[in-house]
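Okay, so here's the structure we're looking at.
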């Protein structure tokens, strides 16, 4: 029986077109810069995002880590949100491996950082303090409901960073979802920033890999750091081939996932015992909370749903995250709603 996996868009399987491209990919040694398929993907990604160059890395976590290490030295400080993926879910890598300090400020419900908070977090030129080097933002914002940060907001943060001699990195793991949600070109969201990372293996449905983009000079530094971290892969065109298909075939259809996320959220209006954060989720994520009338906690409900072959993410004692992606169709949405209704009636 079919399993409906809504735990994350990282569970996506490569499409048949990706598998064919991987099998027939032209290969070389990417550490030497000689893999033609990797080079094609890197150039393609950079052009789409309006940057000079790109670099394939194994994961988004490594992409963000490489970016921070390329922008900062040991003892420097970055400003980021207290709900940022880099702060919460990347194993403290920037501190452990880079000696870089995190200065967190509150994320607002829409994922943004207040400009006054950013300005107030910039350290004075005083020997008692670390040196502020970098601001990072996240788009779409995972822990803030999959919210999409606007072009105007991104430009305002970039202007503030430049005013104070800082650089701006964008964790754009789902930047193509953000562009789809805002109905803008991806480059409009990335032009203002100095560097950006995006994932091929989330909504874009490729099996593995992320791309870090920036200036040519920045990518030269990033290439060395990737090697230091063990991220230099050899015949990586096998991976890159799927990424090329993802950018050509999957990125243009991400709005379909957003529509299904809205349909799913609307459907919960008729399911007693559970409430979505919003009836109109901004991208491909639906966050839900159990009502007080439900005696079971979220983990117990998730276990019961799994017996109906529906897998969901648990993000708190009474909260869920459901992520729509390429492999979730209209029937899967209907089946998910029916499974919740069945389980919550127990």
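What the table shows:
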read-out	value
GNM result for the chain, Cα springs below 10 Å: residue of 136, 278, 37 fluctuating most strongly	278
Listed residues 290, 134, 113, most fluctuating in the chain (Gaussian network, C-alpha, under 10 Å)	290
Angle between the chain longest axis and helix 216-228 axis [Cα atoms, degrees, rounded to 10]	70 degrees
Folded to 0 to 90 degrees: helix 330-344 orientation relative to the chain principal axis, Cα	60 degrees
P(r), alpha carbons of the chain - 10 Å bins starting at zero, rounded %	6, 25, 31, 24, 12, 2, 0
The chain: most fluctuating residue of 141, 169, 103 per GNM, C-alpha cutoff 10 Å	103
0 to 90° range, to nearest 10: angle between helix 36-48 axis and the chain longest Cα axis	80 degrees
FRET E, pair residue 126, residue 74, Förster distance 25 Å, beta-carbon r, rounded to 0.05	0.85
Extension reserve of the residue 20-residue 2 stretch, reckoned as 0.36 nm per residue once the Cα distance is removed	4.1 nm
Segment 27-73: C-alpha gyration tensor shape, a/c 1.5 cut-off, then a/b vs b/c	oblate
Global size of segment 47-203 as Cα Rg and Dmax, reported in angstrom	14.4, 46
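Each value in this text was obtained by applying a stated rule to the coordinates, not by laboratory testing. What you see is a predicted model; the values in this text were computed from it and never measured. Cβ atoms come from the backbone with ideal geometry, glycine included; neighbour counts cover every protein chain shown.
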